[in-house]
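Trainee: Sharing a structure with you now.
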Amino acid sequence: MPKTTNNDRHARMERVILLLQRQMDGLKELEIAKELHIERRVANNYLRDLENRGQVYKNGKLWYINDQKPIVLRRFKLEAEEAMVLYLASRLFVKQSDKRNIMAENVLEKLATILSTDAGLGDDIAHAAQELTRRPMQEGYEDVFQTIMRGYLYRRRVRIVYHPYRGDKFETIIEPYLLEPSAIGFSTYVIGYSSIVDKLRTYKIERIIAAEVVRNSDYRIPNDFPGLSLLQNAWSIFYGDETIQVVLRFHPSVARRVQETNWHPSQHPISEDPEKAGYVLMRFEVADTTDLKPWIRTWGANCEVLQPEALRDEMIGESRRYAELYGWEIGGGKMSREDRFNSIFGE
C-alpha cells in the first residue's frame with residue numbers, strides 16, 4: 001500500500017472540512033470514510049486532528065464543522081517553580097481520575113514535551129499520562145465529557161440524558177455555568193441552569209449517559225451567578241446559602257495530623273478538648289453534610305461527631321451496623337451516646 005504523504009494527508013483533511021461544510025446536518029465517521037475512499041480508522045485520525053485544532057466537533061454519532069471561532073490560548077512563559085505547580089496539578093488530576101480520558105492524556109503529553117528540555121519534568125508528566133492510559137474505558141464517557149466541555153467553552157446549551165443514583169432516567173437541557181472536580185468518588189460535576197426544573201442544578205458527569213450540543217442555542221452566564229463563590233459553604237460539592245455548625249472530636253493518636261491541615265475555609269482554630277485530655281475539637285460550618293460523611297468515615301473510630309445531632313445519630317446508627325456486620329452485638333440496656341460510642345470503638 002503506498003505511503004500517504006503530508007500533502008495527501010492535508011488534501012484529505014481539507015476534503016473532510018468541505019464535506020462537513022456541505023452537510024450541515026452532520027456526517028457519521030463511516031460516511032466520511034466511504035466518501036473519501038479511506039479506511040474508517042484513517043478517517044478517525046483525520047477527524048481527531050481537526051477536532052484538536054478546533055475545526056470540527058462530534059455531537060453524538062455525527063461530526064460537524066465548528067462554526068464557532070476556535071479558542072486559541074495565548075502563549076505564556078513559565079518559571080521552573082511555576083512548571084512544578086503544573087506537574088503537581090497533573091498528578092492530582094490523575095489521582096482524581098478513575099477512567100481513561102484521552103483529551104487529558106493529550107494535554108499531559110503536550111505538557112511533558114514542553115517541559116522535558118526546559119525544566120527536567122517531562123518524564124514524570126509523561127508517566128502521569130501513561131497512568132491515565134491504564135484506567136478502564138467507560139463506554140460513552142469520553143464523548144459525554146468532551147460535549148460538556150464544549151458546551152461550557154462555547155456557551156452552547158447541552159441536551160443530556162441523566163440517570164440519578166436513585167430514580168429513573170430523565171432528559172433535560174442544561175446551560176453549563178461551572179465545572180468542578182471532587183475527590184469524593186473520583187467525580188466531576190457540572191453546575192448550571194436545568195430546563196426540567198427551571199433553576200440551578202448540579203449533575204455528576206459520570207451519571208450522564210448521553211449528551212449532545214443543541215445547535216444554535218447560545219446562552220450567557222447570568223451576571224449574578226457567583227462562580228466559585230457558590231461553593232464556599234460546601235464541604236466539596238453540595239452548596240447552599242444556609243449553614244449548620246459541625247463539631248468533631250479527634251482521638252489523641254490523630255490529633256497532630258488533624259492540626260496539620262486547614263480542612264475548610266470556615267474552619268475555626270482547632271482546640272484542645274476541655275473534657276478529654278489529649279483530644280482535639282474541630283469546628284466549621286457547611287451547607288450540607290452529604291459529602292462530609294465519607295471524609296468522617298476515613299478516620300474510623302478516631303473521629304466522633306458531636307454536632308449536629310442528626311449527623312451524630314446517623315453515625316451512631318452506622319456504628320451499630322458495622323458491629324452487626326462483623327458479628328458483634330451490643331448488649332441490652334439503656335446507654336448514653338458516649339457509652340454507646342465507646343462500647344463499640346473503645347477509648
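Each value in this text was obtained by applying a stated rule to the coordinates, not by laboratory testing. Nothing here was measured: the structure is a model prediction, and the numbers come from that model. So basically every Cβ, Gly included, is an ideal-geometry build from the backbone, and we count neighbours across all protein chains shown.
Trainee: For each pair in LYS61/LYS110; LYS169/LYS199; LYS34/LYS110; LYS169/LYS293, compute the distance between the two Cα atoms and list the pairs where it is over 22 Å. Write out the running numbers ahead of the final one.
Mentor: On the way: LYS61/LYS110 27 Å; LYS169/LYS199 19 Å; LYS34/LYS110 32 Å; LYS169/LYS293 26 Å.
Over 22 Å apart, Cα to Cα: LYS61/LYS110; LYS34/LYS110; LYS169/LYS293.
Trainee: Could you give the dipole magnitude of the chain about its Cα centre, charging the beta-carbon of Lys and Arg +1 and that of Asp and Glu -1, in debye to the nearest 20? Present the calculation step by step, with values, prior to reporting the outcome.
Mentor: Numbers: 50 positive and 51 negative charges, 281 e Å.
Dipole magnitude for the chain comes out near 1340 debye.
Trainee: Please report, in debye to the nearest 20, how large the charge dipole of the stretch 6-65 is about its Cα centre when each Lys and Arg carries +1 at its beta carbon and each Asp and Glu carries -1 there. Spell out each step's value before the answer.
Mentor: Values: 12 positive and 9 negative charges, 22 e Å.
Roughly 100 debye for the stretch 6-65.
Trainee: Determine ³J(HN,Hα), in whole Hz, for all residues of the stretch 216-221 in sequence, where each value follows from phi through the Karplus function 6.51 cos²θ - 1.76 cosθ + 1.60 and θ = phi - 60°; x replaces Gly and Pro.
Mentor: Karplus values, whole Hz, x for Gly and Pro: 6, 9, 5, 9, 10, 6.
Trainee: Pick from ASN223, ASN59, ASN44: which is most flexible by mean-square fluctuation in a GNM of the chain where alpha carbon atoms under 10 Å apart are linked?
Mentor: Among ASN223, ASN59, ASN44, the largest mean-square fluctuation in the Gaussian network model of the chain belongs to ASN223.
Trainee: How big is the charge dipole of the stretch 208-264 about its Cα centre, in debye rounded to the nearest 20, if each Lys and Arg gets +1 on its Cβ and each Asp and Glu gets -1 on its Cβ?
Mentor: On the way: 5 positive and 6 negative charges, 72 e Å.
It comes to approximately 340 debye.
Trainee: Tell me the mean residue ellipticity at 222 nm calculated for the chain from its helices only (DSSP H runs of n ≥ 4, each -39500 (n - 2.57), averaged over every residue, nearest 500). Mind dumping the intermediate values first?
Mentor: Working: 11 runs with 138 residues, N = 347.
After summing the helix terms and dividing by the residues of the chain, the value is -12500 deg cm²/dmol.
Trainee: Ranking MET282, MET24, MET103 by Cβ neighbours within 10 Å, fewest first, what do you get?
Mentor: Numbers: MET282 20, MET24 10, MET103 13.
With the sparsest Cβ surroundings first, the list reads MET24, MET103, MET282.
Trainee: Longest span of the chain, sites excluded, free of chymotrypsin sites (Phe, Trp or Tyr not before Pro) in DSSP loop with at most 11 other C-beta atoms within 10 Å? Provide the component values of the computation, followed by the final result.
Mentor: Values: sites that count: PHE76, TYR165, TYR326, TRP328.
Longest run free of exposed loop sites: 166-325.
Trainee: Please identify every one of the GluC sites (Glu not before Pro) in the stretch 252-297 that sits in a loop by DSSP and has no more than 12 other beta carbons within 10 Å of its own beta carbon. Intermediate values should be presented prior to the final figure.
Mentor: Numbers: sites: GLU260, GLU272, GLU275, GLU285; in loops: GLU260, GLU275.
Qualifying residues, ordered by number: GLU260, GLU275.
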